[in-house]
Amino acid sequence: MIRQVVLMKLKEEAEHATSEHNGRLIQEGMKRLEGVIEGLDSVQVWLGLEFDRKYNVCIVNDFVSREAMEAYGAHPDHQKMRTFIHKVVEDDRPAFNCIL
């Protein structure tokens with residue numbers, strides 16, 4: 001199993017919406033990928049809008065294998081989410097991948 005952790009900082013306003021609204025859209029959109037993308041075992045999205053000034057979104061994805069993680073990156077449904085995310089978050093999105 002591979003775990004991917006990605007941290008993000010939402011823009012205060014983007015795509016004509018608040019950071020809170022866009023955070024919820026990320027949360028809902030990422031959860032919809034479960035069961036759609038083969039090998040994506042689970043998705044968790046936490047919002048810390050009022051707690052952390054540096055990052056306020058944490059996405060944790062679990063994949064059944066490295067190959068599944070690589071396929072996820074190219075999957076059209078993930079690419080749609082990625083396009084939206086790039087519009088509403090700051091450029092710095094540190095990610096950490098590890099084997100469980």
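Does residue 29 qualify as being assigned to a loop (DSSP other than H, G, I, E, B) and either without any contact (Cβ under 8 Å) to a residue 60 or more places away in the chain or within 21 Å of residue 95 (Cβ to Cβ) (or both)?
Considered against the rule, which asks whether it is assigned to a loop (DSSP other than H, G, I, E, B) and either without any contact (Cβ under 8 Å) to a residue 60 or more places away in the chain or within 21 Å of residue 95 (Cβ to Cβ) (or both), residue 29 comes out as no.
Checked against (1) more than 18 Å from residue 17 (Cβ to Cβ); (2) in contact with a strand residue (DSSP E or B) (Cβ under 6 Å, 6 or more places away or on another chain); (3) outside any loop (DSSP other than H, G, I, E, B), residue 34 passes all but a single condition, namely (3). Within the stretch 69-79, being assigned to a helix (DSSP H, G or I), touching a residue at least 12 places away in the same chain (Cβ under 8 Å) and under 26 Å from residue 23 (Cβ atoms) holds for 69, 72, 77, 78.
Condition check ((1) of a type outside the set (A, V, I, L, M, F, W, C); (2) at pLDDT below 95; (3) surrounded by fewer than 18 Cβ atoms within 10 Å (Cβ to Cβ)) across all residues:
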site: 33; (1), (2), (3): no, no, yes
site: 38; (1), (2), (3): yes, no, yes
site: 44; (1), (2), (3): yes, no, yes
site: 56; (1), (2), (3): yes, yes, no
site: 60; (1), (2), (3): no, no, yes
site: 71; (1), (2), (3): no, no, yes
site: 76; (1), (2), (3): yes, no, yes
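Applying a threshold of 9 Å to beta carbon distances and a minimum spacing of six or more residues, or different chains, the list of pairs starting in the stretch 47-62 at a residue that is on the phi < 0 side of the Ramachandran plot and ending at one that is of a type in the set (Lys, Arg) and in a strand (DSSP E or B) reads 60/3; 61/3; 62/3.
The values are calculated or read from the model by the stated rules, or taken from the named source; none is laboratory data. Owing to the predicted nature of the structure, the values given are computational and were not obtained by experimental measurement. Quick reminder, even Gly has a Cβ in these numbers, built from the backbone with ideal geometry, and neighbours come from all protein chains shown.
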